Each structure stands twice: as structure tokens, then as C-alpha cells.
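What follows draws every value from the coordinates through simple rules; no lab data is involved. Every value quoted in this text rests on a predicted model; they were computed, and no experiment measured them. Every residue, glycine as well, gets a Cβ built from its backbone with ideal geometry; the counts of neighbours run over all protein chains shown.
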Amino acid sequence: MKIDHLQPKNSVELLLINSLGVIYAELNRFSDAEELFKIVNENFSSCRDVNSENLNVIHYQQGCIFMKEQDYQQALNSFVLGLNRINQLNSTFMLGNYSSKILECYQQIENDN
């Protein structure tokens, strides 16, 4: 997939590209999804409206995809990044979602060991 030209500038573009990554993952095109997630993560901090609470969903969606792949450590990393962002913004949007997924990851990691 040729995606080198994608350079999201605002939260809507980031959300669209991330959602496309989720769709690719649901279609079992994980390498394409990971490329899109990489673009989103690389451009996250340079986004014009980086403090938008709408962006709280990005790391959550990515973490859910990693959980689907049973990569619980990568999912945990993604969820913790999202939770840290929520704390920095002093936001509560999606706080419960992140907390429950982090707990679920820890339980899966413990069960795997």
C-alpha cells in the first residue's frame, strides 16, 4: 500500500487515518493497519488541535486491535499512552474505557506467564 504521502494536520484527519487502520485490521490486513497507525502516531504531536479530547480514542482503538491479535504487551503500551494523554489533558473522556482495558491486559499477561 502506498501511503507515504499521508500527513495528517488536524484531529479529524488523524481520526480518519486511524479508523482506516482499524478497518484494515478487521480485514486481517495487519501490516497495512500498522503502517497507518505508525503515520498517526508520528504525526500526533504536530497536529494543530492536539489537545482535542476526540483524539483520546486513537490509542484505545489501536490497543483494541493489538488485543485482537493477542499482543497484550503492545496493547498495554498503547492503552497506557492513551491514559497518560488523558491525565495530561485533565480529561475524563474514555477514562473508564482505558482503565478496564489496562486491567484486562494485565490479566491476560499474567495468565500467559
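Data overview
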{"read-out": "Those residues of segment 4-22 which are in contact with a helix residue (DSSP H, G or I) (Cβ under 6 Å, 6 or more places away or on another chain) and assigned to a loop (DSSP other than H, G, I, E, B), in sequence order", "value": "Leu6, Pro8"}
{"read-out": "Qualifying helices (runs of 4 or more DSSP H) (wholly inside segment 23-102; at least 2 residues being in contact (Cβ under 8 Å) with a residue 12 or more places away in the chain and more than 22 Å from Pro8 (Cα to Cα))", "value": "56-68, 72-89"}
{"read-out": "Failed item in (1) hydrophobic (A, V, I, L, M, F, W, C); (2) over 11 Å from the mean Cα position of the chain (by Cα); (3) surrounded by fewer than 20 Cβ atoms within 10 Å (Cβ to Cβ), with Cys105 passing the rest", "value": "(3)"}
{"read-out": "Pick from segment 15-58, criterion of a type in the set (Gly, Ala, Ser) and surrounded by fewer than 19 Cβ atoms within 10 Å (Cβ to Cβ), ranking: nearest to the chain's Cα centre (by Cα)", "value": "Ser19"}
{"read-out": "Top-ranked residue of segment 74-90 - restricted to ones that are within 14 Å of Ser45 (Cβ to Cβ) and more than 10 Å from the chain's Cα centre (by Cα), ranked as surrounded by the fewest Cβ atoms within 10 Å (Cβ to Cβ)", "value": "Gln88"}
